1. For A:Asp173 and C:Glu16, what is the calculated FRET efficiency with R₀ set at 56 Å and r taken between the beta-carbons, to the nearest 0.05?
2. What percent do you get for the relative contact order of the stretch B:1-116 when only Cα pairs under 8 Å and 6+ apart count?
3. Can you tally the net charge around A:Val346? Count Lys and Arg as +1, Asp and Glu as -1, for every other residue whose Cβ sits under 11 Å from the Cβ of A:Val346.
4. Find the eigenvalues of the gyration tensor of the Cα atoms of the stretch C:180-291, then list the square roots of 5 times those eigenvalues as equivalent ellipsoid semi-axes, largest first, in whole angstrom.
5. Label-point separation (nm) for B:Gln17 and A:Lys211, each offset 7 Å from Cα along Cα-to-Cβ?
6. Given the rule -39500 (n - 2.57) for each run of at least 4 DSSP H residues, summed and divided by the residues of chain A, what is its mean residue ellipticity at 222 nm, to the nearest 500 deg cm²/dmol?
7. Let me check I've understood the local charge: for A:Ile265, count other residues with C-beta under 10 angstrom from its C-beta, Lys and Arg +1, Asp and Glu -1. What total comes out?
8. Taking Cα atoms, how many degrees apart are the long axis of helix B:143-157 and the longest axis of chain B, rounded to 10 and kept between 0 and 90?
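Bear in mind that the values in this text are calculations on the coordinates, not laboratory data. Owing to the predicted nature of the structure, the values given are computational and were not obtained by experimental measurement. Positions of Cβ are generated from backbone atoms using ideal geometry, with glycine treated the same way; all protein chains shown enter the neighbour counts.
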Amino acid sequence: MPKIIGERIKRNEDPRLLTGEALFVDDVSIPGMLHAAFLRSDYAHAYLRSIDTSAARERPGVVAVITAQDMGDEWQPGPPLVSPPPTVKGVVFHSRPQVPLVKDKVRHAGEAIALVVAESRYIAEDAVEDILVDLDPIDAVVDIEKALHPDAPLVHEDLESNLAAHLIQQRGDYAAARARADVVIKRKIVIDRGAAGAMENRGIVADWDAKSQHLTVWDTTQAPIPIRNGIATRLGLSESQVRVIAPFIGGGFGPKMMMHYPEEILIPWIAVKLGRPVKWIEDRHENFFATTQERTQVHEAEIALTKDGRVLGVSHNFLHDSGAYDPYGLTIPLNTQSHVMGAYDVPNYYSDLKVVFTNKTLTTPIRGAGRPQGIFVIERLLDIAAKELGIDPVEIRMRNFIHPDAFPYQREIIDQAFAPLILDSGNYKPVLEKAATMIGYDRFVKEEGPRLRAEGRHVGIGLVSFIETTGVGPYEGARITVEASGKIRVATGVGTQGQGHFTSFAQIVAEQLGVGVEDVHVSTGDTSEFHWGTGTFASRGAVVAGNAIHASALAVRYKILKLASKVLEAPEEELELEDGQVRVADIPNMSISLGELALLANPLRGAVEPGTEPGLEATAYFGPQYGAAAFGVHAMILEVDPETMMVEIKRYVVVEDCGTILNPMILEGQIHGGVAMGIGNAFYERLVFDENGQLLNASLADYLIPTASEVPRIEVGHEETRSPLNPLGTKGAGEAGTIPVPALFAQALENALPDLNLEILEMPLSPNRLFELVQEKERDK
Amino acid sequence: MSDLYEVAVTINGKKYQRSVDPRLLLSDFLRHEINLTGTHVGCEHGVCGACTVLFDRQPVRSCLMFAVQANGHEIITVEGLGTQEKLHPLQEAFMEAHGLQCGFCTPGILMTLVPFLESNPEPDESEIRHAISGNLCRCTGYQNIVEAVKLASEKLRT
Amino acid sequence: MKPAPFDYYAPTTIEEALSLLARYGYDAKALAGGQSLIPMMNFRLAQPSVLIDLNNIPDLFFIRVAQEGGLRLGAMTRHAQVERDPLIAERVPLIFETMPKIATPQIRSRGTFGGSISHADPSAELVTVSVILDGSFRLRSQAGDRWVPAREFFIGMFTTQLEPDELLTEIAFPPLQPRSGWALLEISRRPHDFALVGVAVVVNLDEDHRCHNARIGLLSVGDGPVEAHRAAEALIGQAPTSAAIQAAAEIAAAEDIDPSSDIHASAGYRRQLVKVLTRRALSLAFERASTKPY
């Protein structure tokens, strides 16, 4: 069997994308299509006193103006996406899902108040300006540390406080561990908000065909099947009456997994009401308010160690910012808890989580999804401990890694799927050693660093490790069909947003069926092709859908061999699948093409034998027992200009262990992009809110997504520790690039400015903030 | 409603004549009037570069021009480069070097690079990075775009 | 993010444009490259009811040598053209050096010299550079035709001497004095962002290699272009030693500016950047003044 998995195979989807012929949601054009725009609140927290849409309705070209009142009984909050955790004792969770349009109170700036549908987007925006809305602003809950103060205004007035959830998780006995520790380090760590910043904003086109009673929806979602199911339920249609298509998506990164956004219900709803196709394309300004965000947490964190640097325990009380609603449950902070022990054997752990409502856009996972915060906490604590104990930062990590024999390793807490967190496999030390070698850690520490410092330069090195829990359930499925043309069709339910699924999935199939990767046509994200599954999130596409495809390919292979054995009159074990043919080994002229075999399997006359199925087709599903844990080490060398606080990253090294690699080219691309986003999280990207909950940088001119000039060349190395949880041995890698970057950046920065004895305990930074931190240090001296 | 204006414009070598509202952005005109949807819109305030097209052979942000201003001018969009069957060498290089992931920013990057490589056929890495610094890409971390440009520069010279 | 409706005019002569401006005055906006105006219109922060498009007026596009040896530019000369013109490199090297730092290649294809000046953004390079190069601007209306020196033209944030019926048609720069040096240094987060702080410098040495004249212009530290007059005065008659330069830089940061804070930079950080960049820019400019043929 020729090896195709693991090869650097060029992508099947590229020619369409490169020529501008790939279909994105905004490319959908239907005769008679109307265009929607939203009136959104200028205030973060305000009572809606009255709304007058009469002028808007009268504007020529306006077809409909809808407010919450106009929706009548069809106005319903939610639905929530992830139900609250049932498995932890004493958990508090107040479910307050998003609403389609503001009814009585605005809870974040940019929340939708009215929907306008018009003949063009231009007219719809004109009409939005015609609406007179009387908003009575009240004090906003912005700072999460003040949100639980007794005097704080309430985001949801039916609750006693802004507490959305409270959850304590523990392992062992942290208090006892602390009591016998040689060193206890306690720090406050603050992480602020950012945006996902996919280049394509969200968008929806809905087309109701009254004659066939069928609704087609094109949606920039990562999860077309749950979206279809939700729309059907809300609109009182059967699931088979709704087809959701997630065509080419211009980047997801998490927020396109949120469901259902108000627009995802409203646009199909109004299209059905009006009996005309309706398009809504989020513009970039809306995107900064209406698309979910992530990262804000405040930790009071503590680590207890022996004097030789063995971690005895970690404890943290932390606040997590949910924003105005909490449909995504506890996924992000549970991920944080799952990563605060990092890659280390931490016998005692205590975590007290409080989730708070604020008058800000809601938070849902963004690439990393709570993990960067967890890794930042543990890696920072370790760095500070290393400094205090006089141990090299690399050495202290080595001393605490989970031993390779300890896998599967029980964390004794629950993960984002409310299941026990188990790390399936890993071998951490070789990964770290490879990264240290690639960056020249020892040489830098002993020679290069001191030499550069002697020249007056402020160059620093950093090296951190991280785990990434990936590939969570519940399941995905796939159907594979051999067509009479000999081409293979694969249909799966996950959406795709640039991860190369059209190629990596095709590789899995091509290897089993002996065809060219270019002959495998993969369909993702169309519920009419496949309608079982959840979506692309949590670095699970390659793991869960990949293994479903693998299982399905094996089943089709079995059918091929069975039929070919009969046709070629040769035992199955002597048959080979290669070049689109089934051959009898060593007898080259005894062969049949897959296309001919497919025809034979689907006869027009005669009878299909009892107990068999027509066609060379199979559907299979895969659900992992639990998530697979990837591991990696990042290292960097950076230089600071101590006068301007501008930072240049000189070198960046990643060594990643995500199990079996399907396509290293695609994997490396994922890592490059992840690191770029992590650099944004560390030094460029921060959503700045004022005390009224106004976002001050709602444009790409002021929200700083790194460009090619800020992102360095990234050198990538690989190790492969297979996951025992799935036949391919894969683990996810989509978020790996992003997770450790803030922690790494902080360490390297401190290393570059040794005289200042800086402690970086916050993210994101900026040159301005760095300047302030240095000033504070100098004042203290 | 303001009056409509006649626009006669050559796009990818083909002449088009349309009546447009003067406020219609060139990006919307190309995408929704001419149906050349390869030009993407990412920000409509001139930062992301996704909507870059060639206007009289110069790269411009099509979201920062009105369609009416294209009257009498020549535009090339990504559809004017190669076809799926016969990619332009720059497109080929992007495929070979994995210079795209979701592909949303790609047309704008290609249209930025075409004139760049014409005026600078042998760019070094820092020149390449500077040339594309007006195009945001959230997927690739830019590295393979840089590789693709190097590869394209070789292809275009031979 | 679609602009509000407007009436559109595309005059082909300056006279026609002036007549339209006279007719519509405050309701009208002249559309030059549109690279600042159209984003504001897309955000609906600007909603002019009339747009007078200057892109079809050939008389506004030119770069030529002035009689006294300086340079004249038509207001609609695009940044990309200025960037590539050898006359610019030869006659006003500071502008030549400035051009690649303005926004992105795509913006420079379309953006115009006069548009940037008229827009009067305190972070725009050409605004400050025009002041320290002693540029002047020709403002025409149906009623008159006047030249205004750059240092008087800018009144404040996005505000200039331009009357609603006036159009900036032409920009003039005098020739550089012998033994001149120049520099423009900026700190911006990403290459195409507005500078957190920028410093543009022109210095001129006397025959004894002492500072004869110095102009220091600062970007993004005030409501308009800010000249560091006290710092410049401190240099006059001095040999350009690193001590003299350092002293001037400290004066610039401490006495010549009153910067404000915003989400990207605090006033304190801006002062620090002014100090550092002024020192670096002056050093580079003095070095050029003593080695280059100007």
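1. FRET efficiency, A:Asp173 to C:Glu16: 0.05.
2. 29 percent
3. With Lys, Arg at +1 and Asp, Glu at -1, the neighbours total +1.
4. Working from the Cα gyration tensor, I get semi-axes of 25, 14, 10 Å.
5. Rounded to a tenth, the inter-label distance reads 3.5 nm.
6. Here the helix-only value at 222 nm equals -8000 deg cm²/dmol.
7. Computed value for this residue: -2.
8. Relative to chain B, helix B:143-157 is tipped by roughly 90 degrees.
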